[in-house]
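*Asks:* Here you go, one structure.
The values are calculated or read from the model by the stated rules, or taken from the named source; none is laboratory data. Quick caveat: nothing in here was measured; it's all calculated off a predicted structure. Cβ atoms come from the backbone with ideal geometry, glycine included; neighbour counts cover every protein chain shown.
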Amino acid sequence: MTDVLPMATSPVLQAALQSAVDGGVFPGAQLAVRLRGAMQCVAMAGRLSSEPLGTPVQACTIYDLASLTKPLATATSILLLIQADKVSLEDSVQQILAELEGTPIGQVTVRELLSHRSGLPGWRPFYERLDGRGIISGLSSRDEPVQQQVLRMIRDEPLIYARGERNIYSDLGFMLLGLLVERLSGVTLDRWCEEAIFRPLRADPLLFCPRGGQVQPEVGCSAVDISRIAPTERDEWRNRLLCGEVHDENAAAMGGIAGHAGLFGTAESVLVVSGAWLSGYHGRSSMLDGGLVRQFTARQELSAGSSWALGWDTPSAPSSSGSFFSEESFGHLGYTGTSLWIDPRCELEVVLLSNRVHPNRRNEKIKTFRPYIHDLVYREFVPG
């Protein structure tokens with residue numbers, strides 16, 4: 001892990017974050033900026049919550065990372081499994097998940113899932129069929145693990161276009177990839193990520209189920225202090241304010257551990273995994289093979305107008321990364337108000353974490369703030 005300077009600040013970025021809080025973009029946020037391995041800024045503003053009024057955001061505040069789970073946990077896992085010769089990008093899903101053999105989705109490749117070209121729809125409310133109370137027992141009334149139920153529902157979901165024909169950003173595809181990681185590794189996704197990624201990198205805290213309710217004891221992740229966790233929405237389905245429970249309903253119905261959502265962490269812990277990708281990209285010492293990193297972070301361009309790489313997005317105008325990130329850049333957004341963008345050309349990494357869905361998801365002011373803050377970061381720290 002690169003040495004960090006927790007007190008590194010920028011008055012310009014601090015003021016921008018505070019202005020966003022005052023303008024109702026989010027109750028609070030963390031911003032971490034690293035350039036060529038050196039921490040430039042760790043800024044915080046606002047509070048953990050507005051209803052009720054929470055304590056001030058700190059560097060140790062933990063956020064629901066939402067879809068940052070896709071690159072940080074799932075895509076990283078797939079890359080490591082490719083390195084270990086457990087799977088290849090061109091393998092069909094049915095080669096790993098025999099339950100899908102002979103079905104349209106079974107013929108989809110790992111590459112097509114990672115690049116959102118599987119033909120699966122973007123989202124379906126599977127959670128409504130799993131547990132309407134949002135209290136997860138881990139088993140259904142049919143005494144079948146919830147993962148098997150989800151696998152069957154994805155299997156039975158009609159494809160909305162021919163595989164490889166075009167791109168539609170799909171949570172379902174990454175739910176399937178998470179199940180694939182579990183089948184290949186022989187352990188649950190949270191345990192695999194902890195043992196294969198987070199612990200070796202010392203990415204702490206970066207974990208599923210921070211309240212500890214669903215985490216298996218052998219994983220080694222103890223529950224964190226709930227006062228460190230920024231709440232998300234006052235959820236109508238679960239009829240409570242969510243704090244330490246994944247915001248995404250389908251991930252919640254899967255016990256909080258899924259390939260598309262469920263990861264929690266801080267801006268600095270996100271930077272640890274980000275740094276492994278950037279080091280791999282430049283062929284430096286990393287747990288991630290440099291050739292694979294470059295494959296995963298390159299825009300696929302197999303469908304006209306698509307910006308997707310493999311588990312990562314790339315900038316396309318207008319981009320949440322603003323106007324200055326190079327075409328080699330890669331990143332991802334999270335629905336709860338999170339983002340990570342990496343520009344390997346100048347070795348810039350920017351993590352923005354917030355809970356913009358608090359107290360409810362109707363607040364979309366972050367859409368204009370994201371490009372603004374990334375442009376400010378670039379002007380502040382990148383020469384020329």
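*Asks:* Scan segment 281-296 for residues that are more than 14 Å from ILE197 (Cα to Cα) and either surrounded by 19 or more Cβ atoms within 10 Å (Cβ to Cβ) or touching a residue at least 12 places away in the same chain (Cβ under 8 Å) (or both) and report the count. Please lay out each step first, then the result.
*Replies:* Here is the first cut: in segment 281-296, the residues more than 14 Å from ILE197 (Cα to Cα) are 281-285, 290-296.
Filter once more, so that each one left must be either surrounded by 19 or more Cβ atoms within 10 Å (Cβ to Cβ) or touching a residue at least 12 places away in the same chain (Cβ under 8 Å) (or both): 281-282, 292-296.
Of the residues in segment 281-296, 7 are more than 14 Å from ILE197 (Cα to Cα) and either surrounded by 19 or more Cβ atoms within 10 Å (Cβ to Cβ) or touching a residue at least 12 places away in the same chain (Cβ under 8 Å) (or both).
*Asks:* In segment 297-350, what count of residues is obtained for those that are in contact (Cβ under 8 Å) with a residue 60 or more places away in the chain, closer than 26 Å to GLY262 by Cα and among the charged types (D, E, K, R)?
*Replies:* Going through segment 297-350 one residue at a time, the tally reaches 1.
*Asks:* Anything in segment 39-57 that is assigned to a loop (DSSP other than H, G, I, E, B) and touching a residue at least 24 places away in the same chain (Cβ under 8 Å)? List them, or say none.
*Replies:* We begin by selecting, within segment 39-57, every residue assigned to a loop (DSSP other than H, G, I, E, B); these are 48-49, 51-52, 54-55, 57.
Selection gives LEU48, SER49, GLU51, GLY54, THR55, VAL57.
*Asks:* Right, next: Among the residues of segment 261-289, which ones are assigned to a helix (DSSP H, G or I) and either closer than 23 Å to LEU176 by Cβ or basic (Lys, Arg) (or both)? Even if it seems obvious, please write down each step before you answer.
*Replies:* From segment 261-289, those assigned to a helix (DSSP H, G or I) are 267-281; that's our starting set.
VAL273, TRP277, listed by residue number.
Residues checked against (1) of a type outside the set (Gly, Ala, Ser); (2) modelled with pLDDT under 95:
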| position | (1), (2) |
| --- | --- |
| PHE264 | yes, no |
| GLY280 | no, no |
| GLY290 | no, no |
| LEU310 | yes, no |
| ASP313 | yes, no |
| SER316 | no, yes |
| THR338 | yes, no |
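*Asks:* Then there's this: Taking segment 90-107 only, how many residues are under 24 Å from the mean Cα position of the chain (by Cα), farther than 22 Å from ARG294 by Cα and part of a loop (DSSP other than H, G, I, E, B)?
*Replies:* Residues that pass the stated criteria total 2.
*Asks:* Looking at (1) crowded, with 24+ Cβ neighbours inside 10 Å; (2) more than 25 Å from PHE26 (Cα to Cα), which is the only condition GLU327 fails?
*Replies:* GLU327 satisfies all of (1) crowded, with 24+ Cβ neighbours inside 10 Å; (2) more than 25 Å from PHE26 (Cα to Cα) except (1).
Listed here are the residues, each with its yes/no results for (1) outside any loop (DSSP other than H, G, I, E, B); (2) in contact with a Leu (Cβ under 8 Å, 6 or more places away or on another chain); (3) aromatic (Phe, Trp, Tyr).
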{"residue": "THR9", "(1), (2), (3)": "no, no, no"}
{"residue": "VAL12", "(1), (2), (3)": "yes, yes, no"}
{"residue": "VAL21", "(1), (2), (3)": "yes, no, no"}
{"residue": "GLY24", "(1), (2), (3)": "no, no, no"}
{"residue": "ALA29", "(1), (2), (3)": "yes, yes, no"}
{"residue": "THR69", "(1), (2), (3)": "yes, yes, no"}
{"residue": "ALA75", "(1), (2), (3)": "yes, yes, no"}
{"residue": "SER88", "(1), (2), (3)": "no, no, no"}
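*Asks:* Moving on. Residues of segment 222-264 being under 18 Å from the mean Cα position of the chain (by Cα) and of a type in the set (Ser, Thr, Tyr), which ones?
*Replies:* Within segment 222-264, THR232 is the sole residue that qualifies.
*Asks:* Please specify each residue of segment 197-209 satisfying the condition of being in contact with a helix residue (DSSP H, G or I) (Cβ under 6 Å, 6 or more places away or on another chain) and either assigned to a helix (DSSP H, G or I) or crowded, with 22+ Cβ neighbours inside 10 Å (or both).
*Replies:* Hits for segment 197-209 are ILE197, LEU201, ALA203, LEU206, PHE208.
*Asks:* Read through the list (1) at pLDDT 95 or above; (2) in contact with a helix residue (DSSP H, G or I) (Cβ under 7 Å, 6 or more places away or on another chain); (3) not small (Gly, Ala, Ser), then give the number of the only condition that ILE136 fails.
*Replies:* Result: ILE136 fails condition (1) only.
*Asks:* Moving on. Restrict the check to segment 210-224 and report whether at least one residue is surrounded by 17 or more Cβ atoms within 10 Å (Cβ to Cβ), modelled with pLDDT of 95 or more and of a type in the set (A, V, I, L, M, F, W, C).
*Replies:* There is no residue in segment 210-224 that is surrounded by 17 or more Cβ atoms within 10 Å (Cβ to Cβ), modelled with pLDDT of 95 or more and of a type in the set (A, V, I, L, M, F, W, C).
*Asks:* Could you give me the residue pairs with C-beta distances under 7 Å whose first residue belongs to segment 367-383 and is under 12 Å from VAL12 (Cβ atoms), whose second residue is modelled with pLDDT of 95 or more and among the polar types (S, T, N, Q) wherever it lies, and which are 6+ apart or on separate chains?
*Replies:* Short answer, once both residue conditions are applied: ASP375/SER323; PHE381/GLN40.
*Asks:* Applying the selection to segment 340-349, what residues are surrounded by 24 or more Cβ atoms within 10 Å (Cβ to Cβ) and over 15 Å from SER269 (Cβ atoms)?
*Replies:* The initial filter retains those residues of segment 340-349 that are surrounded by 24 or more Cβ atoms within 10 Å (Cβ to Cβ), namely 340-343, 348-349.
Passing the criteria: TRP341, ILE342, ASP343, LEU348.
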